[in-house]
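What follows is a short report on a single structure.
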Amino acid sequence: MYHGVTQKGKRTVENVETEKEEAVRDDKKERVLHTRVPAVLEAELKRFAQNLRVPVSNLVRTILEDALEVADAAGDRVEERLRTAAEKVQTERERLRRKIKPDPLSDVLAFQPVTLAQPARCAKCDVALDVGDHAHLGLLDPNVSGNLRIFVCDDCLPKKENGHDE
């Protein structure tokens, strides 16, 4: 429960505000909150306010404002920590995924450009490759891999890394 607190002042025809300006001013008016507190807390608040030589209401308002700022800052820190933890989990998930599902092209010795006579799938990105599509046949080391053949699309074909600018 609350009620508005206003300050009385002279109102003349010259300083009468429009309804819109009055509504904006009403939003800025201070409000009085009523709350129940234990007698011990009331005594502590009064003693603390007296030591600081400020009204109890100002002390309580300051404590509430500071508490809200601290809670907001703590929430921001928690949010940032959660975001960082989520990024670490994502990175670790990707690392584990690469360990569990190794690169399907790791046993390929070379690639030969081909035109497909049968439908196939790209070994790297699993895109469908249709009859007549250009693809690349991976030549595998027969001692390492049990696969008979492997195809990759143009996008997944390994590219030469150029370490210097031209």
Residue list for region 103-118, filter: loosely packed, with under 10 Cβ neighbours inside 10 Å and under 19 Å from L157 (Cβ atoms): S106, A110, Q112, T115
Between a first residue in region 77-98 that is more than 30 Å from K124 (Cβ to Cβ) and in the same structural domain as C125 (by TED's automatic domain parsing) and a second residue that is among the aromatic types (F, W, Y) and part of a helix (DSSP H, G or I), which pairs have beta carbons less than 9 Å apart while being 6 or more apart in sequence or on different chains? none
V108: passes all of (1) touching a Pro at 6+ places or on another chain (Cβ under 9 Å); (2) free of Cβ contacts under 8 Å to residues at least 40 places away in the same chain; (3) among the β-branched types (V, I, T) but (2)
What number of residues within region 27-39 satisfy the criterion of being closer than 16 Å to I63 by Cβ and assigned to a helix (DSSP H, G or I)? 0
Examine region 81-102 for a residue that is of a type outside the set (F, W, Y), within 21 Å of F151 (Cβ to Cβ) and modelled with pLDDT under 90, and state whether such a residue exists. yes
Single match in V60, V89 (criterion: over 30 Å from N143 (Cβ atoms) and touching a helix residue (DSSP H, G or I) at 6+ places or on another chain (Cβ under 8 Å)): V60
Considering only residues that are among the acidic types (D, E) and without any contact (Cβ under 8 Å) to a residue 24 or more places away in the chain, which ones fall in region 112-156? D126, D130, D133, D154
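The values are calculated or read from the model by the stated rules, or taken from the named source; none is laboratory data. Note that the structure is a prediction, hence the values are computed from the model and not measured. Cβ sites come from the backbone with ideal geometry, for glycine too, and all protein chains shown count toward neighbours.
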